[in-house]
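What follows is a short report on a single structure.
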């Protein structure tokens, strides 16, 4: 297994035999790790060609992209990573190294540590908020940006009763999950959280592996209880790389509403792709169309 180390924010791609610097938790078979500011970021890589980095959302990890990696890696060198504090660490939600800005810096440092240059960056949900912050803080690492139902643009919504209702739904969703964890009913909370982002029965239709991955990251819900930073319209207006928005046909209304607001900030952002027969987890629920949308956008870029 390869282990790289990044000291502070200065990247180095040299391979180190770190006998005295090992993760405090086991790395699963086939998973590499890179030390970013003394934290072992777990990742998998597949394929060859231009680098494509996949950033998961809440209660996810590198396994979130299981339905994307086989197809995308036929065309690109695909990296699926776990953000700090997500599986394989089993975090209890207490401590540092957690937040959208911190994770954006970790993603940028990850790209630099592996000497990837400019990458195709894909972010889903909370991972979309992370990707948005990478675009704001480290645009030099981005070749193209793909945002699937991204959070992080709530401030772009108009100050209207409808917008306030959409934002209240998001706050309630996270708080309801935390309350369920504190009551000792984590699986009930997981089901309500997942069904609210999709349709009733979504949790029960998840495979045992997908449900286990959610539960493996349950502690991050506690760490993610605070407000998330928003991306400014003026930041979006300055993007000079291609951007693609992707939504599920049954995604909660706040996501396409934020996407439309982002397009008003930067008219160069094209029409969003809508994945049919899918909600917020469109990459799981209709991976064929999702993968086709990603590949079509990236073709020739």
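Bear in mind these aren't lab numbers, they're just calculated from the coordinates by the rules spelled out. Keep in mind it's a predicted model, so treat the numbers as computed, not measured. All Cβ positions, even for glycine, are placed from backbone atoms using ideal geometry, and neighbour counts span all protein chains on display.
Remark on the range 200-281: Rg and Dmax equal 16.2, 43 Å (Cα only).
Each peptide among 206-212, 227-233, 193-199 gets the average number of other Cβ atoms lying within 10 Å of its residues, and from highest to lowest they stand as 193-199, 227-233, 206-212. Just how far, in whole angstrom, is the range 269-292 from the range 107-164 if you go by their alpha carbon centroids? With the range 107-164 and the range 269-292 each reduced to a Cα centre, they are spaced 18 Å. Computed from the alpha carbon positions, the gyration tensor of the range 229-271 leads to an equivalent ellipsoid with semi-axes of 19, 12, 8 Å, biggest first.
Beta bridges per DSSP, both residues in the chain: antiparallel share near 30 percent. Counting only DSSP beta bridges whose two residues both lie in the range 31-130, roughly 55 percent are antiparallel. Remark: 124, 172, 247 ranked as 172, 247, 124, counting other beta-carbon atoms within 10 Å and listing the fewest first. Listed from fewest to most Cβ neighbours within 10 Å, the set 260, 153 follows the order 260, 153. Using the Cβ-Cβ distance between residue 21 and residue 67 with R0 set to 22 Å, the FRET efficiency works out to roughly 0.05.
Report summary: the helix-based calculation at 222 nm, which adds -39500 (n - 2.57) for every DSSP H run with n ≥ 4 and divides by the residues of the chain, gives -11000 deg cm²/dmol.
Remark: C-alpha extents of the range 152-206 on the principal axes read 36, 25, 18 Å, sorted largest to smallest. Please report the spacing between the Cα centers of the range 58-77 and the range 171-236 in Å, no decimals. Computed from Cα coordinates, the inter-centre distance equals 20 Å.
For the peptides 66-74, 144-152, 262-270, residues were scored by their other Cβ atoms within 10 Å and the scores averaged per peptide; the highest-first order is 144-152, 66-74, 262-270. Its alpha carbons considered, the chain gives a radius of gyration followed by a Dmax of 18.2, 57 Å.
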